[in-house]
Amino acid sequence: MRPPFRSVRLPAVALLGALVLAGTAACSPAVTVEAAPDAADPGCAPMMVMLPQFVADAPKRETTSQGTAAWGNPSRVILRCGVPAPGPTTDRCVTVNGVDWVLRQQDKGTAWTATTYGRNPATELVFDPDQVAESTVLVDLAGAAARIPQTSKCLSVSDTLETKK
């Protein structure tokens, strides 16, 4: 003789399983992003919690690694916190809403990187300027990036340094 509760429990378990499957099928897959070497740096946290839901009108997506974010489907902007901070460079540096960014074209393809300058941990953005405007990306993310304290800033050739004699 079977217990009477068994026939009730089985349909409930089957219904729960169907709901879980339906919920996961409706979600887009997470974006695979390699974590930066210092992604676990606690200094990334204030910025990560302030990231906008949209960058250049592209919605934020889930990623597979700590200290990362992505926007768009397919991804139009990738963010990684905890990358090595750039040292002095002759690469182009722009200041957007109080945040300095060093811009570099990647070796392959048309993608560019923008890395915060003078902030530790540093944050790197990867984007294709043919898909999304550099100015829009940097404006949309400057507020969050500013949550990591600035310790130095970009200098240009026209800036002078005071020397003591």
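The values are calculated or read from the model by the stated rules, or taken from the named source; none is laboratory data. Please read all numbers here as calculations on a predicted model, not as lab measurements. FYI the Cβ positions are ideal-geometry reconstructions off the backbone, even for glycines, and counts take in every protein chain you see. The accessibility values were calculated without ligands, DNA or RNA, using every heavy atom of the protein model including side chains. Shrake-Rupley method; radii C 1.70, N 1.55, O 1.52, S 1.80 Å.
Quick notes on this structure:
- Dividing the mean sequence gap of close Cα pairs (under 8 Å, 6+ apart) by how many residues the stretch 86-143 holds gives a relative contact order of 27 percent.
- Rounded to the nearest whole angstrom, the semi-axes of the ellipsoid equivalent to the stretch 48-151, taken from the Cα gyration tensor as √(5λ), stand at 19, 16, 13, largest first.
- Between Leu155 and Thr110, the modelled label-to-label distance comes to 3.7 nm, taking each label 7 Å out from Cα in the direction of the beta carbon.
- In the stretch 96-160 the Cα-Cα distances spread across 10 Å bins starting at 0 as 21, 50, 27, 2 percent of all pairs.
- For the stretch 82-129, the share of accessible area belonging to carbon and sulfur comes to 47 percent (1.4 Å probe, ligands and nucleic acids excluded).
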